[in-house]
């Protein structure tokens with residue numbers, strides 16, 4: 001004789017009820033666990049999106065400082081060249097002196113444009129990351145909202161009948 005009396009319909013019904021209850025409990029706990037995990041992952045994606053936004057702001061500020069530094073270096077070089085040429089008795093208003101100063105000014109503007117381009121690319125990269133993290137966060141929240149632990153438990157009961 002086995003541990004479970006199979007000839008007693010009442011005992012079999014009780015065992016079926018216990019089995020259904022345990023299946024429902026397990027399904028509900030699993031669904032709640034999935035919801036909790038998705039909530040945590042959504043929260044982390046939100047934090048990462050915020051960090052990418054901060055990094056974009058910092059990159060913009062660093063780029064502005066680099067731009068100012070480049071402009072100051074160009075102005076210092078321009079001034080040094082003018083002083084050197086003037087000290088040498090060169091007429092600054094014409095000829096090669098004008099060409100040298102114009103070239104220095106052009107190269108300074110070119111350097112600033114390159115710094116701006118690099119900064120814009122870096123800021124764009126961080127904003128793209130931010131958008132990706134925000135999309136991930138929204139997807140996780142949508143998945144989390146689609147999980148109903150009570151319906152999972154109810155489905156488990158129906159499947160065990």
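The table that follows gives values for the structure above.
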quantity: Test: residue in the range 81-88 that is in a helix (DSSP H, G or I) and under 44 Å from the mean Cα position of the chain (by Cα); calculated: no
quantity: Index of the failed condition, residue 106 passing every other in (1) part of a helix (DSSP H, G or I); (2) touching a helix residue (DSSP H, G or I) at 6+ places or on another chain (Cβ under 6 Å); (3) over 30 Å from residue 53 (Cβ atoms); calculated: (2)
quantity: Out of 72, 92, sole residue that is free of Cβ contacts under 8 Å to residues at least 12 places away in the same chain and in contact with a helix residue (DSSP H, G or I) (Cβ under 8 Å, 6 or more places away or on another chain); calculated: 92
quantity: Output for the range 88-116, where each listed residue is over 25 Å from residue 68 (Cα atoms) and exposed (fewer than 12 other Cβ atoms within 10 Å of the Cβ); calculated: 88, 89, 91, 93, 94, 95, 96
quantity: Of residues in the range 132-154 being farther than 16 Å from residue 46 by Cα and surrounded by fewer than 16 Cβ atoms within 10 Å (Cβ to Cβ), the one nearest to the chain's Cα centre (by Cα); calculated: 145
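The rows are residues; the columns are (1) under 23 Å from the mean Cα position of the chain (by Cα); (2) modelled with pLDDT under 95; (3) surrounded by 13 or more Cβ atoms within 10 Å (Cβ to Cβ); (4) under 26 Å from residue 131 (Cβ atoms).
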residue: 3; (1), (2), (3), (4): no, yes, no, no
residue: 13; (1), (2), (3), (4): no, yes, no, no
residue: 16; (1), (2), (3), (4): no, yes, no, no
residue: 20; (1), (2), (3), (4): no, yes, yes, no
residue: 39; (1), (2), (3), (4): yes, no, yes, yes
residue: 48; (1), (2), (3), (4): yes, no, yes, yes
residue: 55; (1), (2), (3), (4): yes, no, yes, yes
residue: 61; (1), (2), (3), (4): yes, no, no, yes
residue: 79; (1), (2), (3), (4): no, yes, no, no
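The values are calculated or read from the model by the stated rules, or taken from the named source; none is laboratory data. Please read these numbers as outputs of a predicted model, since none were measured by experiment. All Cβ positions, even for glycine, are placed from backbone atoms using ideal geometry, and neighbour counts span all protein chains on display.
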